[in-house]
Amino acid sequence: MYETGPAVWGTFLAYLLATFFFAWLAQRKARGGAYMEEFFVGGRSIGPWVLGLTWIATSASGGSFIGVPALAHTNGYSMLLWIAGYVISVLVGFGLLGQRIAYVGRKTGALTFPDLLRDRYDSPMIGGVSGVALIILYTGYIVAQYVAGARVIEAVLGVPYLWGVLGFAVTVTLYTTYGGFRAVAWTDAFQAVVMLIGVLITVTFAISKAGGLEAIRAGLEQQDPALLSPMGPSNFLPIAAAISFFFIWPFAGAGQPSLMTRYLAADNPAGLNRALVLVAFYVILTYPAIILIGVTGRVLVPDLVAPDHAMPATIMAAVPSWLAGLVLAGPMAAIMSTLSSFLLVSSSAIVRDMVERNRKESLTEKQAKRWTLGSTIGVAAVCLVFALRPPDFLQYIVVFSGTGLAATFLTPTCLSLYWPGMNKTGCMAGILGGFTTFLAQYLAFGTRSFLDFDPFVWSLLFSLLFCIVGSLLGQRDDAEILVRYFDDYKA
Amino acid sequence: MEPNYRRTRREALTAVGLWLLAGSWVVGGSYAVYDADPAGVVMGVPAWAFWSILTPWLVFLVVAAWYGLAFLGDGVER
């Protein structure tokens with residue numbers, strides 16, 4: 001579709017080789033502790049740099065590198081307001097639950113997100129329900145990442161779709177099963193750096209090619225003055241939507257189980273604090289630049305075959321061809337780093353929450369290994385089959401799972417860890433209430449619910465209400481459990 | 001010594017407070033600046049985006065550095 005020479009292929013292959021190198025390097029750092037703790041949370045020994053970079057690489061998916069520039073190409077500067085929740089989302093993400101989850105995880109031995117809730121209430125039911133919800137939503141997400149990735153390399157390198165999907169599935173599954181969380185975190189860190197370099201190179205070349213910010217502004221004004229307004233063309237972003245997105249990015253981010261798992265892997269709380277600052281700095285370097293790339297693309301390449309080509313087309317138009325391969329690895333890196341983390345979250349939910357914790361005794365080392373490898377490969381394979389012929393409802397799962405996961409779990413998790421009065425009834429009511437109110441609004445109104453706010457905003461409120469009412473109606477938990485979580489608790 | 005849940009809860013609530021502050025500036029400011037001066041430009045960027053997105057972004061980077069390095073505890077409590 002675009003001109004791609006051997007230089008592009010060469011850097012691309014070098015990128016893949018480097019990814020495997022980092023997986024191998026990570027493996028050498030393993031300390032040989034308990035198998036599952038090593039495989040699912042990196043032996044709780046991940047330092048601040050790697051932790052920060054894996055956090056952001058997991059959170060930035062194919063959507064940030066393909067979908068967001070596409071939206072900026074269509075809607076202009078209003079996308080800066082659309083994405084503005086990232087001004088504060090790192091602080092909220094780490095500040096809301098980071099240290100608390102790291103502390104509780106160490107104390108109770110939690111390895112997965114469902115573990116955190118199950119142990120707090122000693123309730124297999126809560127563990128099971130959250131495990132199942134998590135597996136369904138994340139497999140949908142994995143399929144979508146396969147599809148997005150394969151479409152990008154189809155557009156850029158001319159690789160047939162089938163081979164693209166296979167390539168993604170096999171590469172990511174290989175290094176994920178090879179090194180578990182530690183390999184995922186280290187390759188994530190490398191991929192985050194590739195993403196950063198790609199974005200910075202692209203934005204510099206694109207703006208200079210267009211003749212500077214003032215020339216870009218004039219070009220946009222000539223095409224459509226609405227491209228320079230906060231609402232965007234045809235009122236793309238009315239104020240209720242802008243407020244909704246300011247809720248969504250920080251709080252839906254904070255509520256992702258794939259990110260909460262990262263806190264479990266921290267080597268110590270002070271490391272989490274440093275990771276927060278690192279990621280905040282990373283975000284300010286990349287996110288405004290991603291919007292600028294899309295906006296500049298509108299001036300450089302006003303007509304696109306498909307909106308999703310905004311990023312690759314701008315790269316091809318502005319970046320010298322010998323650099324293009326490196327830059328195009330950016331979106332690949334974003335997709336692969338998100339994929340590997342989701343794969344691990346799903347397989348850990350199967351092994352830990354579906355299998356091990358429903359047995360009388362825990363798995364032996366050998367059984368754990370077999371189950372872990374089996375379920376990781378299993379999830380990857382099932383998703384591969386779906387990705388070959390993506391089902392029509394896929395897009396619904398994707399839109400749903402991003403905010404739906406947080407609408408379901410964020411409030412119950414916060415209250416479980418911070419409020420001694422929260423009990424089993426309240427937690428279950430919060431999970432089911434958050435999920436059903438979100439689903440109902442979504443089916444009835446789409447993304448514009450009451451007063452034009454996104455269903456997510458209301459679901460957070462409803463879920464809070466359900467948690468509190470449920471807790472007041474239900475029975476208090478055993479003082480024995482409560483003392484473990486709330487040290488100065490007195491019955 | 002203060003238990004972990006009390007300290008982290010205070011820190012979490014502070015994060016929510018800062019979020020509210022950032023949101024009022026960013027969302028409120030964007031529309032307000034645009035209403036006052038729809039054609040304004042600062043350094044080649046629409047004025048509303050410069051004063052209400054890029055400026056607060058920089059300010060909240062400093063806030064994040066303070067929050068992470070000075071405000072948050074390092075978890076030595078029981």
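Every number here is computed from the coordinates shown, using simple stated rules; none is lab data. Keep in mind it's a predicted model, so treat the numbers as computed, not measured. Note: ideal-geometry Cβ built from the backbone for every residue, glycine included; neighbour counts use all protein chains shown.
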### Summary
So the angle from the long Cα axis of helix A:124-157 to the longest Cα principal axis of chain A, reported in degrees to the nearest 10, equals 10
### Message
Tell me the angle of helix A:394-418 to the major Cα principal axis of chain A, expressed in degrees between 0 and 90 and rounded to the nearest ten.
### Response
40
### Query
Averaged over A:229-236, how many beta carbons belonging to a partner chain fall within 10 Å of each residue's beta carbon?
3
## Note on the structure
Length-normalised contact order of chain A, Cα under 8 Å, at least 6 apart, in percent, tallies to 29
### Task
Could you work out how far the C-alpha centroid of the range B:40-78 sits from that of the range A:408-482, in angstrom?
30
### Query
Looking at A:S64, A:I291, A:P233, which one has the Cα that reaches farthest to the positive end of the dipole of the protein assembly as shown (charges on Cβ: Lys, Arg +1; Asp, Glu -1)?
A:S64
### Task
Rank-order A:40-48, A:176-184, A:379-387 by packing density, defined as the average count of other C-beta atoms within 10 Å over each peptide's residues, highest first.
A:176-184, A:40-48, A:379-387
### Task
Could you work out the equivalent-ellipsoid semi-axes for the protein assembly as shown, taking the square root of 5 times each eigenvalue of the Cα gyration tensor, largest first, in whole Å?
37, 29, 21
### Separation of the A:Q223 and A:F281 label points, Cα + 7 Å toward Cβ, nm
3.4
### Task
Working from Cα positions, state the angle (0 to 90°, nearest 10) between the long axis of helix A:455-473 and the longest principal axis of chain A.
10
